[in-house]
Amino acid sequence: MFEKRKGRVHMVILKKVRGWISSIVIAFVLSLIIGIFIIQPYKVDGHSMDPTLQDNQRVFISKLSHTFSYLPEYGDIVIIDSRVNRNRTFMDDVMDNPVFQLFSNKDERTFYIKRVIGKPGDVLEFKNSKVYRNGELLNEPYIQETMSYTSDEQWVVPDNHVFVMGDNRNHSEDSRIIGFIPLNHVIGKKVL
């Protein structure tokens with residue numbers, strides 16, 4: 001009788017352990033799917049988006065534009081992969097997930113948060129410390145201070161690329177330095 005009871009107890013414990021393990025596996029898979037394709041948290045690193053976003057501020061980004069290859073709108077705040085000279089793959093999307101980043105030992109700054117200023121075909125110019133798109137002066141009430149960057153050249157945004165800049169123009173590593181951003185390097189759009 002004691003052996004039967006002991007066997008039932010082991011079966012109950014085994015069922016509970018299996019239930020917990022399957023719940024953990026399902027939660028892990030769902031978190032991966034949500035983080036890769038739908039929404040992901042991001043921590044602002046630096047002051048390039050002052051005053052709109054501050055250093056160490058947490059934001060959530062919608063990855064639907066990346067998942068379905070939508071072109072962002074003017075003024076959208078986006079997360080970009082700054083490694084523009086390499087092709088992004090699906091494995092990049094998987095490995096950039098916060099779950100895998102916990103176990104990664106990356107110290108390099110790869111992801112930047114910036115504002116979309118130009119879309120494919122746009123002509124951008126920087127005159128008198130102001131930005132002109134297709135000959136029209138942009139109204140930019142969100143910038144930190146007057147931009148000290150001027151250039152005699154015109155920037156023509158190529159197909160399947162965007163031009164991004166930080167709101168703190170004098171302290172931002174953006175398209176003026178790293179170049180045009182391929183659409184598949186636009187990881188997501190800030191939503192919260």
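The values are calculated or read from the model by the stated rules, or taken from the named source; none is laboratory data. The structure presented is a predicted model; accordingly, all values stated were derived computationally and were not measured. Neighbour counts run over all protein chains shown; Cβ positions are idealised from the backbone, glycine included. Ligands, DNA and RNA are excluded from the accessible area calculation, which covers all protein heavy atoms including side chains. Shrake-Rupley method; radii C 1.70, N 1.55, O 1.52, S 1.80 Å.
Among the residues of the range 110-119, are any modelled with pLDDT under 90, in a loop (DSSP other than H, G, I, E, B), closer than 17 Å to Ile79 by Cβ and of a type in the set (Ser, Thr, Tyr)?
Looking for residues that are modelled with pLDDT under 90, in a loop (DSSP other than H, G, I, E, B), closer than 17 Å to Ile79 by Cβ and of a type in the set (Ser, Thr, Tyr), one finds at least one in the range 110-119, hence yes.
Examine the range 23-36 for a residue that is out of contact with any Gly (no Cβ under 8 Å at 6 or more places or on another chain), open to solvent by less than 80 Å² (accessible area, probe 1.4 Å), touching a residue at least 24 places away in the same chain (Cβ under 8 Å) and aliphatic (A, V, I, L, M), and state whether such a residue exists.
The answer is yes, given that some residue of the range 23-36 is out of contact with any Gly (no Cβ under 8 Å at 6 or more places or on another chain), open to solvent by less than 80 Å² (accessible area, probe 1.4 Å), touching a residue at least 24 places away in the same chain (Cβ under 8 Å) and aliphatic (A, V, I, L, M).
Being within 18 Å of Ser175 (Cα to Cα) and either modelled with pLDDT under 85 or of a type outside the set (Val, Ile, Thr) (or both) narrows it down to one residue among Asp107, Asp55, Asp45, Asp92; which is it?
Asp45
In this structure, does Thr52 turn out to be more than 15 Å from the chain's Cα centre (by Cα) and either of a type in the set (Ser, Thr, Tyr) or buried (at least 17 other Cβ atoms within 10 Å of the Cβ) (or both)?
Taking the combined requirement at face value, the residue satisfies it.
Would you be able to say whether some residue in the range 129-145 is touching a Ser or Thr at 6+ places or on another chain (Cβ under 8 Å) and over 19 Å from Ile80 (Cα atoms)?
yes
The rows are residues; the columns are (1) under 24 Å from Ile38 (Cα atoms); (2) aliphatic (A, V, I, L, M); (3) not in a helix (DSSP H, G or I).
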{"residue": "Val94", "(1), (2), (3)": "yes, yes, no"}
{"residue": "Val131", "(1), (2), (3)": "no, yes, yes"}
{"residue": "Ser148", "(1), (2), (3)": "no, no, yes"}
{"residue": "Glu153", "(1), (2), (3)": "no, no, yes"}
{"residue": "Phe163", "(1), (2), (3)": "yes, no, yes"}
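List pairs: first residue in the range 138-161 and of a type outside the set (S, T, N, Q), second residue open to solvent by 60 Å² or more (accessible area, probe 1.4 Å) anywhere in the structure, Cβ distance under 8 angstrom, at least six positions apart or on different chains.
Leu138/Lys130; Tyr142/Pro51; Met147/Lys130
Being farther than 18 Å from His66 by Cβ, modelled with pLDDT of 90 or more and among the β-branched types (Val, Ile, Thr) is the filter here; which residues of the range 147-176 pass it?
Within the range 147-176, Val156, Val157 meet the criteria.
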